[in-house]
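Notes follow the structure.
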Amino acid sequence: MPPVHTGAPVIPGASTPSSPAPQPHSPGRPGYRRMSLALFAAGLATFALLYSTQALLPAISAGFGVTAGQASWTVSAATGALALFVLPLSALSERFGRTRMMTWSMVIAVGVGLLVPLAPNLEWLIVLRAVQGAAIAGIPASAMAYLAEEVKPKALVAAIGLFVAGNSIGGMSGRIVTGWAAQLWGWRAGLLTVGLMALVCAVAFLVLLPRARFFRPASLNPRAVGRTVAGHLRDPLLLRLYGIGALFMTVFGAVYTVIGYRLVDEPFSLGQGVVGSVFLVYLVGTVSSAAAGRLVARAGRRGALYLAVTTTALGLLLSLSDSLAAILAGLVLITAGFFAGHAVASAAVSRTAKRGRAQASALYQSAYYLGSSAGGTLGALAYHSSGWAATVGIALLAVVGVAGITLYGSHAARTARLVGSGAVPAAVVRPLR
């Protein structure tokens, strides 16, 4: 009987029936380093492409003569399409392989990225961005499932943290590059530059990614997929994690969709290149997401989430100041809190799901990017209507929601300890630890 293909080429020296069984990747081993670099490149390209228009929204508004709310759809269309397509593409990855799904998604997303600068009007720009978001949808959930299958459990949070760190670097570099390119040559040149940067990342990803060794194809039977998804949606812990991801991303989407408008307006009147450089604060997200594993080891998952909530809320309140230094400090805190919370929640999803990991991660990504779409659109509408304070108000409501969900999880854990083993169904009170 021929071997099952995993969506990646066979590497000489790979395990055979007579050779030792392959071991999961762990820190310090060459395979782990290659895998980390490959997924770091994938994460960088994903966020650079997905949010490529965000720093350019004031320039796009001026170029097409549209409002902040209308221009924000160039971001929301991409994140919304990702949210809609991530689940069906994750189901395909269960059948055809994580590496194959990530590869095709990367190729299509980069190809569309090179066409985006040619959009003749806002409508076409939104359509192309939606297609790009749909293509990108094959990367995040497949990457999370790939890591859950290929990495030792104790190293999983750190590995996912590095992937999320690539997201933050991509988000930062994409916005800085587009900002300065737009200031020098126009917003279309900015988008082209990001597309070329993503092309380089895609090549690195294809060259470096190790083949999947523990993937086992699953059925594409819609009923089987539906049962898996329904099982995840009945899991109270997973539902809480999905809510946390959505609400954290609502904060992030609102803040970073609108901050460019605030900084180009009075009293700051910053240039497009300087506004793009503000996204250097993403480096803080790189550090906080990569450090999420150590934070969980010290404070537990709920403790890490409480810290992320507090940090994000303080940043939002600080950003209300009319001092540019205070606004930048607020962005630092918001970014650190968001990326830490996202890394902790997404890793918890991968560890909680015992089967159908791609679907579990896909549901998280759907909630996450729906939160981004909602935050970006609502944040822009609030700013257009009532200014930055209204945008911060929406973000603070989302932060309160994260705190409430985390508190509920803490209460469920305490109840489980008090009532005793078996007195309450485990799925109802399963703690985040």
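The values are calculated or read from the model by the stated rules, or taken from the named source; none is laboratory data. No experiment lies behind these values; they were computed from the predicted model shown. Every residue, glycine among them, receives a Cβ derived from its backbone with ideal geometry; neighbour counts consider all protein chains shown. Just the protein is used for accessible areas: all its heavy atoms, side chains included, with ligands, DNA and RNA removed. Shrake-Rupley method; radii C 1.70, N 1.55, O 1.52, S 1.80 Å.
Across Trp180, Trp104, the residue with the most accessible area heads the list, and the full order at a 1.4 Å probe is Trp104, Trp180. When peptides 47-56, 199-208 are ranked by their average number of other Cβ atoms within 10 Å per residue, the highest-first order is 47-56, 199-208. Extension gain for the segment Phe268 to Leu114, taken as residue separation times 0.36 nm less the Cα-Cα distance, is 52.2 nm to one decimal. Modelled this way, with points 7 Å down the Cα-to-C-beta line, the labels at Val107 and Arg34 are 2.0 nm from one another.
I'm a student and want to see the number: the projected area of the Cα convex hull of the chain, averaged over all directions, in nm².
Result: a mean projected hull area of 21.3 nm².
For Val151, the residues whose amide H sits under 5 Å from its own are His25, ignoring neighbours fewer than 5 places away on the same chain, with H placed 1.01 Å from N. Could you work out the Rg to Rh ratio of segment 96-191, with Rh taken as the Kirkwood radius (inverse of the mean 1/r over all Cα pairs)? When Rh is taken as the Kirkwood radius, the ratio is 1.07.
Under the convention that each Lys and Arg Cβ holds +1 and each Asp and Glu Cβ holds -1, the size of the dipole of the chain around its Cα centre is about 1940 debye. For the peptides 32-45, 63-76, 328-341, the ranking by mean Cβ contacts within 10 Å, running from highest to lowest, is 328-341, 32-45, 63-76. Largest first, the three principal axis extents of the alpha carbons in segment 123-168 are 47, 20, 8 Å in whole numbers. Rounded to a whole number, what % of the accessible area of segment 56-167 do carbon and sulfur atoms account for, probe 1.4 Å? Reported share for carbon and sulfur atoms: 73 percent. Each part reduced to its alpha carbon centroid, segment 80-123 and segment 174-238 end up 7 Å apart. Given their separation in residues at 0.36 nm each and the Cα-Cα distance between them, Leu314 and Ala389 gain 25.6 nm when the chain is fully extended. Divided by 2.2 N^0.38 Å, where N counts the residues, the Cα radius of gyration of segment 207-301 comes to 1.66. Largest mean-square fluctuation among Leu89, Leu57, Leu283, in a Gaussian network model of the chain whose springs join Cα atoms under 10 Å apart, belongs to Leu283. For the charge dipole of segment 142-256, defined by +1 on Lys and Arg C-beta atoms and -1 on Asp and Glu C-beta atoms about the Cα centroid, which residue among Gly179, Val200, Gly245 has the Cα displaced farthest towards the positive pole? With unit charges placed on the Cβ atoms, the residue in question is Gly245.
Principal axis extents of the Cα atoms in segment 117-267, from largest to smallest and rounded to whole angstrom, are 51, 37, 33. Using Cα atoms only, what is the angle between the long axis of helix 222-233 and the major principal axis of the chain, expressed in degrees (0 to 90) to the nearest 10? Tilt relative to the chain: about 70 degrees. For segment 357-403 versus segment 267-345, the inter-centroid distance based on Cα atoms is 15 Å.
Here the spin labels are modelled as points 7 Å beyond Cα on the Cα-Cβ line, and at Glu123 and Leu233 they lie 3.4 nm apart. Projecting the Cα positions of Phe338, Thr257, Gly63 onto the charge dipole of the chain (unit charges on Cβ atoms of Lys, Arg, Asp and Glu, taken about the Cα centre) puts Phe338 furthest along the positive direction. A Gaussian network model of the chain, with springs between Cα atoms under 10 Å, assigns the largest mean-square fluctuation among Pro88, Pro22, Pro140 to Pro22.
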